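Below is one structure, written out as structure tokens; the observations come after it.
The values are calculated or read from the model by the stated rules, or taken from the named source; none is laboratory data. Remember, it's a predicted structure, so these values are computed and weren't measured experimentally. No Cβ is skipped: glycine too gets one built from the backbone with ideal geometry, and neighbour counts run over all protein chains shown.
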């Protein structure tokens, strides 16, 4: 009886909110990168030539893919799947944070550090709510099943 419960995630209200926030933010960023490519990078003083806008479009495509992952993640209840979605987002936010630090070290406006702070926060939140808590709840469910 408990073996079925061991793979079903507990209520994931906060993780769901994180996925929803990321879904909307990455959808918006992806669309803006296609429609007004210089807008986001311009906020920190980065401008590239029209001929190189393909880089913005590739980044926009990546953002749209992550948005889809987040929207789909809202439907999942399986622990392993939610942990995989969370780890994917942790890698994305961690790598984006590292890119922000590199950009700042290369002379980009200090405003980019706010983005780095947001990325660190997302890594911590997904690490806790999307990996640690789900792993802990699975361990507890398995322990309870063995006690029965």
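Pick from 127, 100: which is surrounded by 19 or more Cβ atoms within 10 Å (Cβ to Cβ), out of contact with any strand residue (DSSP E or B) (no Cβ under 8 Å at 6 or more places or on another chain) and assigned to a helix (DSSP H, G or I)?
None of the others qualify; the one that does is 100.
Checking the condition in a helix (DSSP H, G or I), at negative phi and at pLDDT below 95, which residue from 47, 56 passes?
56
How about segment 43-64: which of its residues are touching a residue at least 24 places away in the same chain (Cβ under 8 Å) and over 11 Å from the mean Cα position of the chain (by Cα)?
Those that are touching a residue at least 24 places away in the same chain (Cβ under 8 Å) and over 11 Å from the mean Cα position of the chain (by Cα): 43, 44, 45, 46, 57, 59, 60, 61, 62, 64.
Pick from segment 7-36 the residues that are at pLDDT below 90 and surrounded by 13 or more Cβ atoms within 10 Å (Cβ to Cβ): which of them is farthest from residue 96 (Cα to Cα)?
Restricting to residues being at pLDDT below 90 and surrounded by 13 or more Cβ atoms within 10 Å (Cβ to Cβ), the top hit is 7.
In the list 76, 71, which residue meets the criterion of being modelled with pLDDT under 95, under 20 Å from the mean Cα position of the chain (by Cα) and either within 22 Å of residue 113 (Cα to Cα) or surrounded by 13 or more Cβ atoms within 10 Å (Cβ to Cβ) (or both)?
Among 76, 71, only 76 is modelled with pLDDT under 95, under 20 Å from the mean Cα position of the chain (by Cα) and either within 22 Å of residue 113 (Cα to Cα) or surrounded by 13 or more Cβ atoms within 10 Å (Cβ to Cβ) (or both).
Can you find a residue in segment 37-48 that is within 22 Å of residue 18 (Cβ to Cβ) and surrounded by 18 or more Cβ atoms within 10 Å (Cβ to Cβ)?
Yes, segment 37-48 contains at least one residue that is within 22 Å of residue 18 (Cβ to Cβ) and surrounded by 18 or more Cβ atoms within 10 Å (Cβ to Cβ).
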